[in-house]
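The values are calculated or read from the model by the stated rules, or taken from the named source; none is laboratory data. Keep in mind that what you see is a predicted model, and the values were worked out from it rather than measured. Because the Cβ atoms are built from the backbone with ideal geometry, glycine has one as well, and the counts that use them run over all protein chains shown. Heads up: the accessible areas ignore ligands, DNA and RNA and are worked out on the full protein's heavy atoms, side chains in. Shrake-Rupley method; radii C 1.70, N 1.55, O 1.52, S 1.80 Å.
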Amino acid sequence: MKRCSLLVLLPLLLGSSACKPMLYPLARAFGGPSEGELQLRRVAFDRLKASKATARILVYPMVDPRRAESPFAAATAETAAALARGEGLAGAVAATTFHTVPPSPLGANQMRYTQNRATAYAAWTAAHRPDADFVMFLEAMTDASGQVGGIQLYVVEASGQVAYARLYNSHHFNGTPPSGADNICGVMLRTLKFDLMRLSTDVHPPYGVG
């Protein structure tokens, strides 16, 4: 009886806002950002939401973040910018060159990788100060046959503050990963459009537990 009671209570505990701080060390252990950083991201995300129809968003070409030579064409920036405009980000414009953020290994933890990569993009943006309100970075990891194993999307304020960092993997693909630059970019931009209709506390949940 006691075991059954614990199984029933566990989902309630996980969903309780009072218990989220208790799970914070676990979220951090898996690579989640600090609560201090999450608070800053909520504010930046709200700024993105409020200005999505007017902000200038510089979109860089998609890269495979593990490779020094990207397998994707520079034209993916135009593809993604056009899709972004179609999803309501009216000021999205394509960068004409690849960014110079060095490649980095994925490792065994995609969440930790994504957050570390978000920090790298934030630092690069702060150092280079592109002519934009926000900067968008797109990533797709593929194998030798071109099969997609994971994709990431980041939006960073021109100051270098991360507003959005989203990963996708086989759990999100439901066994059918996207193929081709148009489809990969489409997945990212459709999800961003949906997330921009959500609360910042849902996109960046308190203590990284949502």
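Assorted remarks:
- Selected residue (only one of THR96, THR125, THR119, THR142 is of a type in the set (Val, Ile, Thr) and under 24 Å from PRO178 (Cβ atoms)): THR142
- The set of residues in the stretch 38-55 being touching an Asp or Glu at 6+ places or on another chain (Cβ under 9 Å) and either more than 18 Å from VAL162 (Cβ to Cβ) or without any contact (Cβ under 8 Å) to a residue 60 or more places away in the chain (or both) consists of THR54 alone.
- Counted residues, the stretch 127-148 - those being surrounded by 19 or more Cβ atoms within 10 Å (Cβ to Cβ) and of a type outside the set (Gly, Ala, Ser): 9
- Of the residues making up the stretch 74-94, just one is in contact with a Pro (Cβ under 7 Å, 6 or more places away or on another chain), crowded, with 18+ Cβ neighbours inside 10 Å and under 21 Å from ARG129 (Cα atoms), namely ALA77.
- Counting only strands (runs of 3 or more DSSP E) that fall entirely inside the stretch 130-210 and contain at least 3 residues that are more than 12 Å from the chain's Cα centre (by Cα), the qualifying elements are 134-142, 148-157.
- Screening ALA122 on (1) farther than 15 Å from LEU58 by Cα; (2) part of a helix (DSSP H, G or I); (3) under 16 Å from the mean Cα position of the chain (by Cα); (4) small (Gly, Ala, Ser) shows it passes everything except condition (1).
- Matching residues in the stretch 192-202 - criterion: being open to solvent by less than 80 Å² (accessible area, probe 1.4 Å) and under 11 Å from ALA84 (Cα atoms): LEU192
- Residue match in the stretch 95-114 (condition: among the hydrophobic types (A, V, I, L, M, F, W, C), touching a helix residue (DSSP H, G or I) at 6+ places or on another chain (Cβ under 6 Å), modelled with pLDDT of 95 or more and part of a strand (DSSP E or B)): no
- Subset of the stretch 97-123 [more than 19 Å from GLY150 (Cα to Cα) and in contact with a Pro (Cβ under 9 Å, 6 or more places away or on another chain)]: THR97, PHE98, HIS99
- Output for the stretch 149-186, where each listed residue is buried (at least 19 other Cβ atoms within 10 Å of the Cβ) and among the β-branched types (Val, Ile, Thr): ILE151, VAL155, VAL156, VAL162, ILE184
- Checked against the criterion of being touching an Asp or Glu at 6+ places or on another chain (Cβ under 6 Å) and open to solvent by 60 Å² or more (accessible area, probe 1.4 Å), the candidates PRO71, PRO65 yield just one match: PRO71.
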